[in-house]
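Shown next, in structure tokens, is the structure this report addresses.
Nothing in this text is a laboratory measurement; each read-out follows from the coordinates by a stated rule. What you see is a predicted model, and the numbers here were worked out from it, not measured in a lab. Every residue, glycine among them, receives a Cβ derived from its backbone with ideal geometry; neighbour counts consider all protein chains shown.
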Amino acid sequence: MMVDAYKEAVDGVMARRLRDPAQRETVVAAIMAGFESLTKKPVPDLDKRTKDMEDRVRRMSESIELGFVNRRLVVKVAGSSDSLMKELRFGSDWFEPWSKVDEVLTAAVLVDPET
């Protein structure tokens, strides 16, 4: 019973943090900083693709949920954001996989936004 109460409390804190626009901007900045370090293939429209990626990350930041599943803290996203997370985790036709995207995203939610 204590574990469930703790889980609900943590889930509530995470949900409140992700409703804060400054926190979402922290998430976007962290994801884009990490994305910049990924190896990219030489594509002619790299700048446009990177801008489109930032737009997708910004939309994803509005629907991210962090919560416990089977006693593990997990990142939950839905729809097109789920596709984006899969692309980031496993790579795409123009960038390499990012094995630490979940950890970076979680840390960005837990870190207080800069003021």
Checklist entry - Relative contact order for the chain using alpha-carbon pairs under 8 Å, separation at least 6, rounded to a whole percent? => result 36 percent
Checklist outcome for this item: HN-Hα couplings for the range 15-26 via Karplus (6.51, -1.76, 1.60; θ = phi - 60°), in whole Hz with x for Gly/Pro, come out as 4, 5, 4, 6, 7, 7, x, 5, 5, 5, 5, 5
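If you add up the charges near L18, with Lys and Arg at +1 and Asp and Glu at -1, over every other residue whose beta carbon is less than 9 angstrom from its beta carbon, what do you get? Can you show the working numbers first?
Working: positive: R16, R17, R19, R24; negative: D20, E62, E65.
Local charge sum for L18: +1.
Given DSSP loops and a limit of at most 16 other Cβ atoms within 10 Å, what is the longest stretch of the chain that contains no such GluC sites (Glu not before Pro)? The partial results should precede the final answer.
Numbers: sites that count: E62, E114.
In short, 1-61.
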Checklist entry - What per residue convex hull volume, in Å³, do the alpha-carbon atoms of the chain yield? => result 103 Å³
Checklist entry - Kirkwood Rh, Cα Rg: Rg to Rh for the range 31-71? => result 1.14
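Residue separation times 0.36 nm, minus the C-alpha to C-alpha distance between R59 and E103: what's the value? Before the final figure, lay out each step's value.
Working: separation 44, 0.36 × 44 = 15.84 nm, distance 1.90 nm.
Length gained between R59 and E103: 13.9 nm.
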Checklist entry - Do you know the Lys pair count in the chain for C-alpha distances under 16 Å, with sequence separation 8 or more or different chains? => result 7
Next on the checklist: Semi-axes of the equivalent ellipsoid for the range 57-105, please: Cα gyration tensor eigenvalues, times 5, square-rooted, ordered largest first, whole Å.
Outcome noted: 19, 13, 9
